[in-house]
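Just below is one structure, and these are the notes that go with it.
The numbers here are math on the coordinates, done by the rules we state, and not lab data. The structure presented is a predicted model; accordingly, all values stated were derived computationally and were not measured. Backbone-built Cβ (ideal geometry, glycine too); neighbour counts: all protein chains shown.
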């Protein structure tokens with residue numbers, strides 16, 4: 001059975017133009033695991049990227065919108081954002097909540113030579129392996 005480190009490292013090794021993969025705890029903002037092949041991905045850089053991901057999924061503005069939607073629908077507030085794809089000048093970021101683990105986020109970062117479908121396929125394929133290993 002693989003562990004979280006091995007799963008992330010395998011994604012980095014197997015996805016063309018992959019730069020890094022990580023799992024973020026959305027409650028604390030801490031990295032549960034990370035694998036990468038980029039020298040400038042220092043710990044402070046990785047912590048900042050993890051914090052940005054937390055903001056995208058659990059930030060104040062996202063919470064406000066979720067409350068508004070729940071109010072309009074007459075339902076209880078729950079986490080609506082499940083996946084996000086972000087594109088920067090030189091990278092793609094694929095992010096998904098881990099199934100059954102609403103406070104765990106899996107992230108794959110690639111260069112722009114990566115195939116978008118392959119990025120999503122790799123991330124979604126890893127999620128069932130990651131789920132039982134996340135707190």
Exercise for the section: Sort out for me the Cα centre separation of the range 69-134 from the range 23-50, rounded to whole Å. Expected result: 15
Exercise for the section: Go ahead and set up a Gaussian network model of the chain, Cα springs under 10 Å, then flag whichever of 112, 67, 101 fluctuates most. Expected result: 67
Completion exercise
Measuring from the longest principal axis of the C-alpha atoms of the chain, the long axis of helix 4-14 (C-alpha) lies at a number of degrees, nearest 10, equal to 60
Exercise for the section: Report the convex hull volume per residue for the chain, counting only C-alpha atoms, in Å³. Expected result: 114
Problem - Peptide ranges 85-91, 12-18 listed from the most packed, as the mean C-beta count within 10 angstrom indicates - result: 12-18, 85-91
Fill in the blank from the handout: Out of 123, 30, 19, a Gaussian network model of the chain with alpha-carbon springs under 10 Å gives the largest mean-square fluctuation to 30
Practice task
Considering only 111, 74, 59, give the residue with the highest GNM mean-square fluctuation for the chain, with springs between Cα atoms whenever their separation is below 10 Å.
Solution key: 74
Handout entry: Sequence-separation-based contact order of the range 4-133, relative, with Cα cut under 8 Å and 6+ spacing, percent
Key = 29
Handout entry: Principal-axis tilt of helix 60-73 within the chain, Cα atoms, nearest 10 degrees
Key = 50
Practice task
Please give the FRET efficiency for residue 37 paired with residue 62, using the beta carbon to beta carbon distance and R0 = 25 Å, rounded to the nearest 0.05.
Solution key: 0.25
Fill in the blank from the handout: So for the range 88-135, using the alpha carbon gyration tensor with a ≥ b ≥ c as root eigenvalues (a/c under 1.5 gives rounded; past that, a/b versus b/c decides prolate or oblate), I'd call it prolate
Exercise for the section: Of all alpha-carbon pairs in the range 51-119, indicate the percentage at a distance above 19 angstrom. Expected result: 43
Practice task
Using only Cα atoms, figure out Rg for the range 1-48 and give it as a multiple of 2.2 N^0.38 Å.
Solution key: 1.15
